[in-house]
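*Asks:* Here it is: the structure, laid out below.
The values are calculated or read from the model by the stated rules, or taken from the named source; none is laboratory data. Model, not experiment: these values are computed from the prediction. Positions of Cβ are backbone-derived with ideal geometry, glycine not excepted, and every protein chain shown enters the neighbour counts. Ligands, DNA and RNA are stripped out before the accessible areas are found, and what is left, the full protein with its side chains, is counted by its heavy atoms. Shrake-Rupley method; radii C 1.70, N 1.55, O 1.52, S 1.80 Å.
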There are 6 protein chains.
Amino acid sequence: MKLSARNVLSGKVIALTKGATTAHVKIEIAAGAIVTASITNEAVDELGLAVGRKASAVIKASDVMVGVD
Amino acid sequence: MKLSARNVLSGKVIALTKGATTAHVKIEIAAGAIVTASITNEAVDELGLAVGRKASAVIKASDVMVGVD
Amino acid sequence: MKLSARNVLSGKVIALTKGATTAHVKIEIAAGAIVTASITNEAVDELGLAVGRKASAVIKASDVMVGVD
Amino acid sequence: MKLSARNVLSGKVIALTKGATTAHVKIEIAAGAIVTASITNEAVDELGLAVGRKASAVIKASDVMVGVD
Amino acid sequence: MKLSARNVLSGKVIALTKGATTAHVKIEIAAGAIVTASITNEAVDELGLAVGRKASAVIKASDVMVGVD
Amino acid sequence: MKLSARNVLSGKVIALTKGATTAHVKIEIAAGAIVTASITNEAVDELGLAVGRKASAVIKASDVMVGVD
């Protein structure tokens, strides 16, 4: 499926923590650049996510804020 | 201000388009990795965003999905 | 790409309005059940969306609220 | 209360799982079309949600993505 | 309709700007505390929003970040 | 960091509940006006959040809905 989401950042899963219903997945998308996703445990199982696996962080443009120092 | 948002990806603004009320800002966060943000025109003005300016894409973990091929 | 998003509701585009930067797309996912998406014009063009085309509404579980009467 | 959210899909709760702080609620909005919501346990209690109860999935248009095959 | 959203902040509309498809609505929820909402023009019309009208800002808990100085 | 998010409501933490991976933080932003945030436990620890501490609720305008009675 091709998605309207503007942001698809590909990388590799470097950490995965499952809670009671919600899991946190860390994806390294470039050297030193890590994106954390909070998704359902159900999705982790269905996608077969595991540390070391290739995966992308997918983000809708309207969910991205901008910050400046 | 220090934020709870797990994802702060720093880079440089490479494109900026203002619409009637909503603007699209593209930030290059690593070589070839571009994040698009959809924010208010008001925020663009207030932050003084412009092409070439350093800026970060800030994303809450619960707004990040994961995709696998 | 297989996505962590729990909700993929397939249907057909029944209306499409482009604004200055943001478009509204209406997808009929069942008889009389219509989902409205607010996405970038850029995505509309890239996906080749048009009235009558098959498309799915994709929604992350953490973006769904529940209401009762 | 009348809401600005464009998407109110009415149906019936068919599954409900509470975690430590976050619950997952599945609502069947049409034959075979199920929407999963991730909400607080607090909201589940306050709304008196239970399997078999009528409920609606409520989604803001800016949280809906579009996918095409 | 009773909603799972944890945050319903009631106040009065103090500014309203319609764009091509997206409107910005400012609601004063306490003396000096203003919340800006970005919603569809369609919702503005349907709710009959106008400056001076009582209205609430409604926000899902998973869309709230926390910041500290 | 200066943020594009339109809504920064400052107050004090009045309740904090950590779950397995997700925490709920309640911030009183005006007398009787409480905002609940659902954030990662990791963020709670990193920001040193605790009851009684000053903190702000930060919300992107596109995540705010409007309701009228």
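*Asks:* Given label points at 7 Å from Cα along Cα→Cβ, what nm distances, shortest first, separate A:Ile14 from the same residue in every other copy?
*Replies:* 2.1, 4.0, 4.0, 4.4, 4.7
*Asks:* Round to a whole angstrom and tell me the spacing of the C-alpha centers of region D:40-69 and region E:1-62.
*Replies:* The two parts, judged by their Cα centres, are 20 Å apart.
*Asks:* Taking only C-alpha pairs under 8 Å that are 6+ residues apart, what is the relative contact order of chain E in percent?
*Replies:* 39 percent
*Asks:* Chains E and F: how much accessible area gets covered up at their contact, both sides added, probe 1.4 Å, in Å² to the nearest hundred?
*Replies:* Between E and F, the summed buried area is about 2600 Å².
*Asks:* Under the rule of at least 5 residues apart or a separate chain, name every residue whose amide H is placed under 5 Å from the amide H of B:Val64.
*Replies:* A:Ser38
*Asks:* Averaged over D:12-22, how many beta carbons belonging to a partner chain fall within 10 Å of each residue's beta carbon?
*Replies:* Values: counts 0, 2, 0, 0, 0, 5, 2, 10, 12, 15, 17.
Partner Cβ neighbours, averaged per residue: 6.
*Asks:* B:Arg6's amide H: which non-local residues (gap 5+, or another chain) put their own amide H closer than 5 Å, with H modeled 1.01 Å from N in plane and none for Pro or chain starts?
*Replies:* For B:Arg6, the qualifying residues are B:Ala61.
*Asks:* For D:His24, what accessible area in Å² do you get when you roll a 1.4 Å probe over the heavy atoms of the protein chains, rounding to the nearest 10?
*Replies:* D:His24 has an accessible surface of roughly 30 Å² with all protein chains in place.
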